[in-house]
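One structure is given below, encoded as C-alpha cells.
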Amino acid sequence: MYTEQVMDHFQNPRNMGEVENPDGVGEVGNPQCGDVMRITIKVGEGETIEDVKFKTLGCGAAIATSSMVTEMAKGKTLVEAQEISKKAVADALGGLPPQKMHCSNLASDGLKKAIEDYRTKHPEK
Ligand code: FES
C-alpha cells in the first residue's frame, strides 16, 4: 500500500536525530494515534535552514514524511520552508494511502513549530 519512495524513506530515513544547539525546536503530537515527532533546525545566513533533523516515534508514514520534510526544508529560507504543505510532502513521496494522510501533518506541523520557535527566540530578526 506504500509507494517505493515511502518505503525508501522509511527504511533509510534522512536527517534522523537532533541538530546540536538548535535555533528552533518543534514538537507535535498526533491526537489520532498518539505518535510524536520533534524537529530541530539550525538557521544560518539570510534566514536559511542550514540543518534540520527529526526524531519520530510513530508509524512508517510518519517516519517517511518526517524524512522527506527535512530534505525539502534544507537550504530553504524560513518563509519558503513554512509553506511546505502536508500535500507537498505526500506528493514528493508519490502519494500516501488516504487513511495515512493525517500522518503527514506531523512533519509539516513540526517544521512550522520549529520555525515559530526560532522566531520567538529571535524577535529582532
Ligand atoms: Fe500515527 Fe501515522 S499512525 S503518525
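Okay, here's what the table says:
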quantity	calculated
Among the residues listed as A73, A114, A62, A90, the single one being more than 19 Å from F10 (Cα to Cα) and not charged (D, E, K, R)	A114
Residues being within 17 Å of G26 (Cβ to Cβ), among the hydrophobic types (A, V, I, L, M, F, W, C) and either at pLDDT 95 or above or open to solvent by 60 Å² or more (accessible area, probe 1.4 Å) (or both) - total across region 90-111	1
Condition check for A114: surrounded by fewer than 16 Cβ atoms within 10 Å (Cβ to Cβ) and more than 15 Å from the ligand (Cβ to nearest atom)	no
Count of region 59-83 residues which are open to solvent by 10 Å² or more (accessible area, probe 1.4 Å), out of contact with any Pro (no Cβ under 9 Å at 6 or more places or on another chain) and either within 18 Å of T3 (Cβ to Cβ) or hydrophobic (A, V, I, L, M, F, W, C) (or both)	6
Set T65, T48, T3, T70: member being closer than 20 Å to M101 by Cβ, β-branched (V, I, T) and touching a strand residue (DSSP E or B) at 6+ places or on another chain (Cβ under 6 Å)	T70
Subset of region 39-58 [open to solvent by 40 Å² or more (accessible area, probe 1.4 Å), within 14 Å of the ligand (Cβ to nearest atom) and touching a helix residue (DSSP H, G or I) at 6+ places or on another chain (Cβ under 7 Å)]	none
Of all residues making up region 72-102, the number that are within 16 Å of the ligand (Cβ to nearest atom), in contact with a Lys or Arg (Cβ under 9 Å, 6 or more places away or on another chain) and not aliphatic (A, V, I, L, M)	1
Of residues in region 1-38 being out of contact with any Phe, Trp or Tyr (no Cβ under 9 Å at 6 or more places or on another chain) and farther than 27 Å from G94 by Cβ, the one surrounded by the most Cβ atoms within 10 Å (Cβ to Cβ)	V19
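The values are calculated or read from the model by the stated rules, or taken from the named source; none is laboratory data. This structure is a prediction, so every number in the text was calculated from the model and none was measured. Cβ: placed from backbone, ideal geometry, glycine included. Neighbour counts: every protein chain shown. The area values use the complete protein model at the heavy-atom level, side chains included, leaving out ligands, DNA and RNA. Shrake-Rupley method; radii C 1.70, N 1.55, O 1.52, S 1.80 Å.
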